[in-house]
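Novice: Shown below is the structure under consideration.
The values are calculated or read from the model by the stated rules, or taken from the named source; none is laboratory data. It should be emphasised that the depicted structure is a prediction, and the values quoted were computed from it without experimental measurement. Using ideal geometry, Cβ is built from the backbone for each residue, glycine included, and neighbour counts are taken over all protein chains shown. Heavy atoms of the whole protein, side chains included, go into the accessibility calculation; ligands, DNA and RNA do not. Shrake-Rupley method; radii C 1.70, N 1.55, O 1.52, S 1.80 Å.
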Amino acid sequence: MSPALPPALPPARTPGAYSVALVCLGNICRSPMADVVLAQRVDDAGLAARVTVASSGTGGWHVGQPMDLRAASSLLAEGYDPSPHRARQFDAGWLERHDLVLAMDSQNLADIGGRSERVRLYRDFDPVPVGDDGPDREVPDPYYGGDAGFEEVLAMVERTSVALVAALQRDPALAPGPR
Ligand code: 4NP
């Protein structure tokens with residue numbers, strides 16, 4: 001099966017700058033992993049001056065805490081730096097401040113108000129073809145499971161970050177040049 005084309009990115013609110021937010025439940029596992037990996041790929045692509053990445057959780061239990069140790073170790077093992085992360089809670093302001101808001105699972109999507117032009121499921125951008133891994137394009141919550149769940153999340157966020165950066169690179173409003 002050939003990969004489906006990724007959805008078009010919603011337009012930047014401010015020309016020349018783009019802001020992506022990742023949202024999960026606790027903001028200590030999935031969305032921080034997606035945040036760190038996407039920010040690294042954005043930096044590698046020379047887009048860090050134009051593209052910002054942030055993450056939050058719909059629940060407030062872990063606000064101010066660093067990443068889950070298992071999430072942090074899986075990132076460290078692949079050369080990413082999890083140390084700056086501190087958990088934050090999503091509120092409606094996140095929908096105003098970000099060009100693209102990506103929810104890790106369907107419950108997260110419902111909790112932040114549902115799909116819209118700027119709000120989608122994260123795995124809408126996963127380049128693995130629909131049908132290879134079931135109909136629900138969610139990033140499964142690894143919090144109550146073992147290390148394998150974190151490895152699975154890391155693989156998803158690595159390939160999806162590559163696809164997101166490719167989409168950002170195709171955006172003429174973010175082309176290199178003076179700002
Ligand atoms: P996350 O995982 O949403 O990927 O950060 C979770 C973290 C904490 C909890 C649930 C999920 N919790 O219930 O505290």
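Novice: Does TYR144 meet the test of being of a type in the set (Phe, Trp, Tyr), more than 15 Å from the ligand (Cβ to nearest atom) and in a loop (DSSP other than H, G, I, E, B)? Walk me through it before giving the result.
Specialist: Values: of a type in the set (Phe, Trp, Tyr): yes; more than 15 Å from the ligand (Cβ to nearest atom): no; in a loop (DSSP other than H, G, I, E, B): yes.
Considered against the rule, which asks whether it is of a type in the set (Phe, Trp, Tyr), more than 15 Å from the ligand (Cβ to nearest atom) and in a loop (DSSP other than H, G, I, E, B), TYR144 comes out as no.
Novice: Just one of (1) out of contact with any Asp or Glu (no Cβ under 8 Å at 6 or more places or on another chain); (2) under 22 Å from GLY79 (Cα atoms); (3) open to solvent by 70 Å² or more (accessible area, probe 1.4 Å); (4) not acidic (Asp, Glu) trips up ARG159, so point out which.
Specialist: (1)
Novice: Right, next: Mind listing just one residue for me: the one in segment 86-125 that is over 14 Å from the mean Cα position of the chain (by Cα) and within 14 Å of VAL53 (Cβ to Cβ) and, of those, least open to solvent (accessible area, probe 1.4 Å)?
Specialist: ARG88
Yes or no, residue by residue, for (1) more than 15 Å from VAL165 (Cα to Cα); (2) surrounded by 24 or more Cβ atoms within 10 Å (Cβ to Cβ):
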position	(1), (2)
TYR18	no, yes
PRO32	yes, yes
ASP35	no, yes
THR58	yes, no
VAL63	yes, no
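Novice: Within the bounds of segment 69-78, is there any residue that is within 15 Å of the ligand (Cβ to nearest atom) and within 25 Å of VAL119 (Cα to Cα)?
Specialist: The answer is yes; a qualifying residue exists.
Novice: With the condition kept exactly as written, say whether any residue in segment 16-24 is farther than 16 Å from VAL153 by Cβ and at pLDDT below 95. Break it down stepwise before answering.
Specialist: Taking segment 16-24 first, the residues farther than 16 Å from VAL153 by Cβ are 16-21.
Of the ones still in play, those that are also at pLDDT below 95 are 16.
Yes, because at least one residue in segment 16-24 is farther than 16 Å from VAL153 by Cβ and at pLDDT below 95.
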